[in-house]
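A quick write-up on the structure given underneath.
The values are calculated or read from the model by the stated rules, or taken from the named source; none is laboratory data. Here the structure is a predicted model, which means the values were calculated and not measured. All Cβ positions, glycine included, derive from the backbone under ideal geometry; neighbour counts span all protein chains shown.
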Amino acid sequence: MKHLVAPSMLSADFANLQGDIEMVNHSEADWFHLDVMDGMFVPNISFGLPVVKAIDRHARKPLDVHLMINDPDRYLEDFYHAGADLLTVHLEACQHLHRSIQKIHSLGIKAGVSLNPHTPANTLEAIIHEVDLVLVMSVNPGFGGQQFIPQSIQKIHKISQMIRQTNSSALIEVDGGVTTENASELLEAGANVLVAGSFVFKSADPPATIQNLKQLRKTAG
């Protein structure tokens with residue numbers, strides 16, 4: 001399948017949020033990526049349910065909601081009702097990860113699991129066949145604009161191999177420091193979804209930057 005591009009709205013202009021939503025609507029982007037942070041699981045607070053609901057009112061593409069919060073089970077139904085089409089929880093934040101994934105699926109939407117940079121790929125072995133998406137954090141979560149962690153490439157390779165071995169249909173999403181300089185290598189390693197925030201929204205021409213990310217090919221051609 002052709003890879004997907006999901007601009008991270010964390011880097012959007014919140015004083016002109018509707019304008020940036022319309023830009024993504026009219027671009028070649030596939031999803032809206034929404035990072036929800038609670039100031040506890042990660043050292044920052046971003047936005048919550050009201051902003052997700054506001055984006056959903058104007059978005060014409062799926063909402064890929066990434067919950068960087070402690071005990072996410074408390075809010076799964078709320079974010080579903082706010083408009084999430086895919087909910088991703090952190091392996092490190094869930095006491096009973098299988099239950100969390102099953103709860104998301106019971107809502108009729110797709111379920112993802114995310115790994116922080118320090119969490120090894122093999123921790124996914126017991127859950128990989130049940131999720132629709134694995135989100136590899138290629139920076140330490142909490143803030144936009146960070147530098148890509150090169151070791152993420154090998155983690156993507158390992159997860160891709162695990163998916164093939166288990167006949168899982170999970171997509172691999174990568175978030176953190178993604179640019180046109182490293183995206184082809186990420187795709188070659190096995191990534192299916194590229195999340196880009198500041199690289200898109202701080203560029204001179206965001207729609208063209210999204211187009212460039214969408215048109216990239218694997219390094220091996």
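Data table
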| item | result |
| --- | --- |
| Scan of the range 12-28 for residues that are surrounded by fewer than 19 Cβ atoms within 10 Å (Cβ to Cβ), under 15 Å from residue 209 (Cα atoms) and among the polar types (S, T, N, Q), ordered by number | 25 |
| Scope the range 114-137; condition surrounded by fewer than 14 Cβ atoms within 10 Å (Cβ to Cβ) and not in a loop (DSSP other than H, G, I, E, B); matching residues | 122 |
| Which listed residue, of 135, 124, is out of contact with any helix residue (DSSP H, G or I) (no Cβ under 6 Å at 6 or more places or on another chain) and over 21 Å from residue 178 (Cα atoms) | 124 |
| Residues of the range 161-194 that turn out to be out of contact with any His (no Cβ under 7 Å at 6 or more places or on another chain), part of a loop (DSSP other than H, G, I, E, B) and closer than 14 Å to residue 215 by Cα, as a count | 4 |
| Which listed residue is touching a residue at least 40 places away in the same chain (Cβ under 8 Å) and among the aromatic types (Phe, Trp, Tyr), from 148, 201 | 201 |
| Only one of 93, 59, 111, 12 that is modelled with pLDDT under 95, at negative phi and among the aliphatic types (A, V, I, L, M) | 93 |
| Members of the range 185-221 that are among the hydroxyl-bearing types (Ser, Thr, Tyr) and either at pLDDT 95 or above or buried (at least 23 other Cβ atoms within 10 Å of the Cβ) (or both) | 203, 209 |
| Qualifying positions in the range 99-113 - of a type outside the set (A, V, I, L, M) and either more than 18 Å from residue 78 (Cα to Cα) or assigned to a helix (DSSP H, G or I) (or both) | 99, 100, 102, 103, 105, 106 |
| Residue tally, condition surrounded by fewer than 17 Cβ atoms within 10 Å (Cβ to Cβ) and farther than 27 Å from residue 57 by Cβ, over the range 93-113 | 5 |
| Check on residue 97, farther than 20 Å from residue 185 by Cβ and not acidic (Asp, Glu) | yes |
| Subset of the range 18-67 (residues that are more than 18 Å from residue 86 (Cβ to Cβ), aliphatic (A, V, I, L, M) and in contact (Cβ under 8 Å) with a residue 40 or more places away in the chain) | 23, 42 |
| Residues within the range 83-98 that are in a helix (DSSP H, G or I) and farther than 22 Å from residue 40 by Cα, tallied | 1 |
| Positions within the range 138-177 being at pLDDT 95 or above and of a type in the set (A, V, I, L, M), in sequence order | 153, 156, 159, 162, 163, 170, 171, 172, 174 |
| Number of positions in the range 29-69 that are outside any loop (DSSP other than H, G, I, E, B) and buried (at least 17 other Cβ atoms within 10 Å of the Cβ) | 16 |
